[in-house]
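Down below is the structure, laid out as structure tokens.
The values are calculated or read from the model by the stated rules, or taken from the named source; none is laboratory data. Remember, predicted model here, so these are calculated numbers, not experimental data. No Cβ is skipped: glycine too gets one built from the backbone with ideal geometry, and neighbour counts run over all protein chains shown. Only protein heavy atoms, including side chains, enter the accessible area calculation; ligands, DNA and RNA are left aside. Shrake-Rupley method; radii C 1.70, N 1.55, O 1.52, S 1.80 Å.
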Amino acid sequence: MLALLLLALMLSRAGAWAPEACARGCPAACSCGPGPGERGCWVRCDRAGLLRVPPEFPCAATSIDLDRNGLRLLGERAFGTLPALRRLSLRHNNLTFITPGAFRGLGRLAELRLAHNGALRYLHARTFAALGRLRRLDLAACRLLALPERLLAGLPGLRELAAAANLFRRVPGALRGLANLTHARLERGRVEAVAAGSLRGLGRLRALSLQANRVRAVHAGAFRDCAALEHLLLGDNRLAALPAGAFRGLGRLRALHLGGNALGRVARAWFADLAELELLYLDRNAIAFVEDGAFQNLSGLLALHLNGNRLTALAWAAFQPGFFLGRLFLFRNPWRCDCGLRWLRDWMDSSGHAAEVPCASPGSVAGLDLSHVAFGRAPDGLCVDPEELNGSASSPGPSPEPAATTASRLSSLLSRLLAPRAPAGEAANATAGPGNASLALPSGALGSSGHSTPFLLGAGVLLSAARHVLCCLSSRHT
């Protein structure tokens with residue numbers, strides 16, 4: 001019981017000592033106090049207008065924030081000896097040079113942030129030599145032209161490297177051999193290629209971003225040492241083709257981003273080793289053809305993005321055999337909605353998720369979504385294209401009569417016109433049947449004199465014209 005009381009007394013004294021120790025040595029322009037959960041001493045000097053590093057910090061400091069000041073130079077042992085310091089942030093300053101040995105005395109530092117120092121074009125090979133426990137390093141937007149080969153060699157515990165928005169033209173050789181590195185961010189730079197040996201020794205790398213660079217080539221076997229890679233971002237580059245073995249060895253890859261490139265086709269050999277892939281982005285390319293079997297090994301794929309390409313057709317053979325897919329994104333493609341896409345319409349109707357598949361052709365269904373297109377079936381069981389279906393049903397009225405039938409009816413009409421009129425008595429006694437009904441002429445059609453000569457002359461002219469019409473119709477029919 002006495003021992004427990006003594007322990008409680010020591011802890012209470014330690015808790016009372018911590019704020020005092022944090023305030024002792026606090027720079028005048030900074031604020032110092034307990035960190036989150038009252039663990040350690042946090043020193044906040046951001047936006048303090050500092051032009052040089054303060055000469056003294058609390059010995060118990062665990063975190064120092066010097067963001068958004070006017071610091072230009074870090075000299076030898078710039079921060080003195082701070083055995084408890086775990087986090088140091090120097091973002092958004094005007095650093096131009098860091099003296100080798102500037103971080104000596106910070107042996108327990110785990111996180112160093114140097115991002116957005118746009119004038120820091122060069123780092124000495126021994127800049128981080130004293131930081132053997134460093135786990136996170138942020139060098140983003142420093143406009144670095146390169147990283148010395150041995151810059152990171154003394155950081156065996158480095159897990160995360162952020163070096164986006166720099167001016168590297170190739171993947172920095174300083175990454176080679178970082179056996180514990182798990183995350184590397186190199187996006188928004190000028191990297192032009194991923195060479196075969198540029199990622200050597202990165203056996204624990206799980207995420208690599210080369211998004212928005214100028215990558216034109218990925219060499220075969222470039223990722224062969226990255227067996228643990230789960231997320232690979234190569235979108236918004238200039239890739240027009242990929243070698244067959246571009247992603248060889250990436251058996252654990254779950255997400256692959258290739259959108260926003262210049263790929264014109266999808267080859268079967270590209271994704272042969274990616275059995276665990278769940279997300280595949282091929283959007284915003286120039287893809288016009290997908291090879292049969294291109295996705296057949298991607299049995300765990302949850303979403304495939306093919307939107308924003310030049311696809312007019314997509315065969316079911318690209319996915320077989322035994323393929324299961326959660327979502328398929330196909331909008332902004334000039335689809336031809338014929339029987340080649342019947343499988344896709346059936347898949348959408350059953351269990352698939354593929355919204356917005358607009359038809360660009362044939363003309364009979366242009367503008368419709370594939371989900372609204374009707375396909376027919378011929379007596380032999382084969383699919384009938386919607387264009388053929390619409391063509392056969394496009395004339396609801398009576399079909400035009402053959403020319404021979406028209407000529408026959410005209411001849412019959414002329415014969416009735418030219419037939420002599422029966423006397424009134426005979427007409428009264430005639431049988432009135434549909435087949436014998438004659439065309440009634442208006443009274444006085446024969447003239448006031450009662451003579452038939454003018455009528456017969458007119459009838460002769462009319463008969464000649466009728467024969468000419470009949471001749472033309474007959475010749476056109478033959």
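Computed quantities for the displayed model
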quantity	calculated
Cα-projected label distance for Ala207 with Leu368, points at 7 Å along beta-carbon direction, nm	4.5 nm
Backbone HN-Hα couplings from phi across segment 261-267 [Karplus 6.51/-1.76/1.60, Hz, Gly and Pro as x]	10, 10, 5, x, 8, 10, 8
Charge tally in the Cβ shell below 12 Å around Arg200, where Lys, Arg are +1 and Asp, Glu are -1, Arg200 excluded	+1
Cβ-Cβ FRET estimate between Leu145 and Ala269, R0 fixed at 22 Å, reported to 0.05	0.05
In range of the label at Ala153: residues from segment 60-104 whose backbone nitrogen is under 17 Å from the point 7 Å along Cα→Cβ	100-101
Residues Ser299 and Thr96, FRET efficiency given R0 of 56 Å [Cβ-Cβ distance, rounded to 0.05]	0.60
Whole-Hz ³J(HN,Hα) from phi, Karplus 6.51 cos²θ - 1.76 cosθ + 1.60, for segment 202-207, glycine and proline x	8, x, 10, 5, 10, 9
Positive minus negative residues near Ala217 (Lys, Arg vs Asp, Glu; Cβ under 12 Å)	+3
C-alpha center-to-center spacing [segment 360-381, segment 191-267] in angstrom	39 Å
Charge sum, other residues only, whose C-beta stays under 12 Å from Gly132's C-beta, Lys/Arg counted +1 and Asp/Glu -1	+4
Pair Arg214, Ala241: separation of 7 Å Cα→Cβ label points (nm)	2.2 nm
R0 of 56 Å, Cβ-Cβ distance Ala29-Arg170: FRET efficiency to nearest 0.05	0.85
For Leu253, distant residues with modelled amide H under 5 Å away	Glu276
Accessible area expressed per residue, segment 37-132, with surrounding protein chains retained (probe 1.4 Å, Å²)	46 Å²
Estimated vicinal HN-Hα couplings, Hz - segment 290-297 in sequence order (Karplus 6.51, -1.76, 1.60; Gly, Pro = x)	10, 5, 4, x, 4, 10, 5, 8
Percent accessible area from carbon and sulfur atoms, segment 100-233, protein chains only, probe 1.4 Å	46 percent
If the convex hull is drawn through the Cα atoms of segment 284-389, its volume per residue in Å³	101 Å³
Separation in nanometres of the label points that stand 7 Å from Cα toward Cβ, at Arg52 and Asp346	8.0 nm
Sulfur and carbon atoms: percent of accessible area, segment 256-354 [1.4 Å]	53 percent
